[in-house]
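Just so it is clear, none of the values below were taken in a lab; they were calculated from the coordinates. Bear in mind the structure is a predicted one, so any value in this text is a computation, not a measurement.
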Amino acid sequence: MARQIAILLFQIVLAVGLGISGIRIASLVNGEATFAPTGLAANTELLWTTAPVRVGPRSQTYERIPIPPDLYPLKMHADQRLRVISSSRFTFKGEEFRLAGVEEIERNRVCTGPDGRRYACGLNAFKALQNLLRGRYLECREMGEEGSAARSVECRINGQDVRALLQ
């Protein structure tokens, strides 16, 4: 039994050895005996290294794609410098802004609900904007609407339109 296992192992080793020898002979015949990277110049440095390599961006010849313009160039962090004035207006660093498309509701306005109950809708709208902006990072763009001293802006928080968040 042990002799049969030894003969079987010998035959496996012999078959693998002959296979590898055949592949090696075929590559020598085809002229691929030594490794030469194709498509690279002879003086090209190795592409992969085991140590960090300093890369000079000015020496690279890659096409530089221009940075697209920022659609929301006004950046504001709603900290102590941002103060909400009404349901659609706020100041930042002394400059007044009005949210385009947001209805101005007087702070002392009282509304009647469908069930006949009265509630402070003006104060609710003011507090909704104040709570929405508090501590957030705003990205805004000017809308170019004329008619008031406040700059008309369209803003977003985390990529979401402020008008949609107020509804």
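Remark: relative contact order (the chain) = 18 percent; criterion is Cα-Cα distance under 8 angstrom and separation of 6 or more residues. Using θ = phi - 60° in the Karplus curve 6.51 cos²θ - 1.76 cosθ + 1.60, the 3J(HN,Hα) couplings for the stretch 134-142 round to 4, x, 9, 9, 9, 10, 10, 9, 6 Hz; x is entered for Gly and Pro. Once backbone amide H atoms are built at 1.01 Å from N, residue 151 has 96, 97, 98 as its partners under 5 Å, excluding neighbours fewer than 5 places away on the same chain. In the stretch 123-167, the C-alpha radius of gyration followed by the widest Cα-Cα span (Dmax) gives 11.4, 29 angstrom.
In the set (1) 54, 34, 31; (2) 54, 34, 20; (3) 101, 55, 26, the label that goes with Cα extents along the principal axes in Å computed for this structure is (3).
The angle separating the long axis of helix 121-133 from the principal Cα axis of greatest extent in the chain is about 30 degrees. Computed from Cα atoms, the angle from the helix 2-30 axis to the main principal axis of the chain rounds to 80 degrees.
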